[in-house]
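The next block holds one structure in the form of structure tokens; read it before the comments.
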Amino acid sequence: MDGRQRLHEHVSRAYSFAFQPIVDVAARRIASHEALIRGRAGESAASVLGSVPAGELYRFDEESRVVALELAAGIGFDGQLNLNFLPRGLEASETAVTSTVEAAHRCGVGPGRIVLEVTEGEVIGNAARFAQAMDAYRCLGVRVAIDDFGAGYAGLNLLADFQPDAVKLDMNLVRGIAGRGPRQAIVRAVAQACFDLGIELVAEGVETLDEYRWLAGEGICLFQGYLFARPAFERLPAANLPSAAK
């Protein structure tokens with residue numbers, strides 16, 4: 001058994017995925033599901049990834065997306081599937097994204113239904129190379145989202161140099177936003193930039209009706225968070241769709 005086969009066996013045995021919906025409140029539907037890596041005893045993503053030897057991390061990341069796709073297809077997901085992606089894996093493996101596309105085809109999932117999520121901090125300092133690589137892979141049909149937007153220092157440069165398909169607002173910006181003027185100003189500016197550039201904007205980590213209603217009042221339609229659904233291990237949870245009316 002070669003190293004790739006051993007790693008795939010370890011991945012399948014050691015962890016699986018929970019799924020959390022991203023909802024479109026305007027259309028009153030689930031727009032996508034994010035696959036969230038979890039240990040089989042409920043261990044967090046950080047715990048699972050922290051147990052992987054440093055030299056195998058990017059190959060592990062690549063293989064895990066295949067596992068997530070196969071699981072999602074097996075439990076009948078519809079719409080889009082958001083998969084987390086370590087962009088430095090592009091330098092470690094020539095198949096970092098193509099293996100995901102190939103797995104999607106095997107599962108009967110069009111690449112246009114796959115969204116690769118990368119955090120803002122992971123591409124800082126190498127934004128130009130990242131943009132070039134991601135544009136090439138977008139030609140395969142996959143979409144790209146910048147996660148935790150607003151948590152780092154490269155956000156506006158990323159939007160200037162590389163227009164992703166979607167931006168996910170960092171949950172620390174969202175938390176308690178209904179009563180926090182400075183955060184409101186920042187989110188309004190980011191929302192306007194995304195609207196102008198044709199980039200989808202997702203508010204993640206939304207937990208309260210006050211947060212949701214303020215954000216919906218600013219024209220945001222895509223949401224993710226405990227208010228709508230908690231992650232469900234190896235299944236697709238139903239989503240709560242509250243009214244935006246105050």
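Results for (1) exposed (fewer than 14 other Cβ atoms within 10 Å of the Cβ); (2) aliphatic (A, V, I, L, M), shown as yes or no for each residue.
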| residue | (1), (2) |
| --- | --- |
| R183 | no, no |
| A193 | no, yes |
| T208 | no, no |
| S243 | yes, no |
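Tell me which residues, restricted to segment 174-221, are outside any helix (DSSP H, G or I) and charged (D, E, K, R).
Matches in segment 174-221: R175, R180, E200, E204, E207, E218.
Being outside any helix (DSSP H, G or I) and out of contact with any strand residue (DSSP E or B) (no Cβ under 6 Å at 6 or more places or on another chain) is the filter; apply it to segment 129-147 and report the residue that is surrounded by the most Cβ atoms within 10 Å (Cβ to Cβ).
Checked segment 129-147; the qualifying residue surrounded by the most Cβ atoms within 10 Å (Cβ to Cβ) is L140.
A104 fails exactly one of the following numbered conditions: (1) free of Cβ contacts under 8 Å to residues at least 40 places away in the same chain; (2) buried (at least 19 other Cβ atoms within 10 Å of the Cβ); (3) in a loop (DSSP other than H, G, I, E, B). What is the number of that condition?
The failed condition is (3).
Criterion first (modelled with pLDDT of 80 or more and of a type outside the set (K, R)) does V118 satisfy it?
Yes.
Of all residues being charged (D, E, K, R) and in contact with a strand residue (DSSP E or B) (Cβ under 6 Å, 6 or more places away or on another chain) in segment 192-246, which is nearest to S44 (Cα to Cα)? Just the residue, please.
E234
Which members of segment 98-115 meet the condition of being modelled with pLDDT under 90 and out of contact with any helix residue (DSSP H, G or I) (no Cβ under 6 Å at 6 or more places or on another chain)?
Selection gives T98 alone.
Here are some conditions: (1) crowded, with 21+ Cβ neighbours inside 10 Å; (2) closer than 28 Å to R88 by Cα; (3) under 16 Å from the mean Cα position of the chain (by Cα); (4) not charged (D, E, K, R). L158 meets all but one. Which one does it not meet?
Among (1) crowded, with 21+ Cβ neighbours inside 10 Å; (2) closer than 28 Å to R88 by Cα; (3) under 16 Å from the mean Cα position of the chain (by Cα); (4) not charged (D, E, K, R), L158 violates only (3).
The rows are residues; the columns are (1) at pLDDT below 85; (2) surrounded by fewer than 20 Cβ atoms within 10 Å (Cβ to Cβ); (3) part of a helix (DSSP H, G or I); (4) out of contact with any helix residue (DSSP H, G or I) (no Cβ under 6 Å at 6 or more places or on another chain).
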| residue | (1), (2), (3), (4) |
| --- | --- |
| E9 | yes, yes, yes, yes |
| R13 | yes, yes, yes, yes |
| P21 | no, no, no, yes |
| H33 | no, no, no, yes |
| S47 | no, yes, yes, yes |
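Among (1) of a type in the set (S, T, N, Q); (2) buried (at least 22 other Cβ atoms within 10 Å of the Cβ); (3) touching a strand residue (DSSP E or B) at 6+ places or on another chain (Cβ under 6 Å), there is one condition Q80 misses while meeting the rest; what is its number?
(2)
Within the set of pairs 6+ apart or on separate chains, which have a first residue in segment 183-203 that is among the acidic types (D, E), a second that is at pLDDT below 95, and C-beta atoms under 7 Å apart?
Short answer, once both residue conditions are applied: E200/D165; E200/A166.
Could you list all residues from segment 66-97 that are at pLDDT 85 or above and β-branched (V, I, T)?
The answer is V66, V67, I75.
Restricted to segment 71-82, and to residues that are in a helix (DSSP H, G or I) and under 17 Å from the mean Cα position of the chain (by Cα), which residue is farthest from V144 (Cα to Cα)?
This residue is L71.
Under 7 Å by Cβ, and 6 or more places apart or on different chains, what pairs join a residue from segment 148-166 that is part of a loop (DSSP other than H, G, I, E, B) with one that is of a type in the set (D, E, K, R) and modelled with pLDDT of 75 or more?
G150/D170; A151/D170; D165/R143; D165/E200
The values are calculated or read from the model by the stated rules, or taken from the named source; none is laboratory data. The shown structure was predicted, so the numbers you read here are calculated from the model rather than taken from an experiment. Using ideal geometry, Cβ is built from the backbone for each residue, glycine included, and neighbour counts are taken over all protein chains shown.
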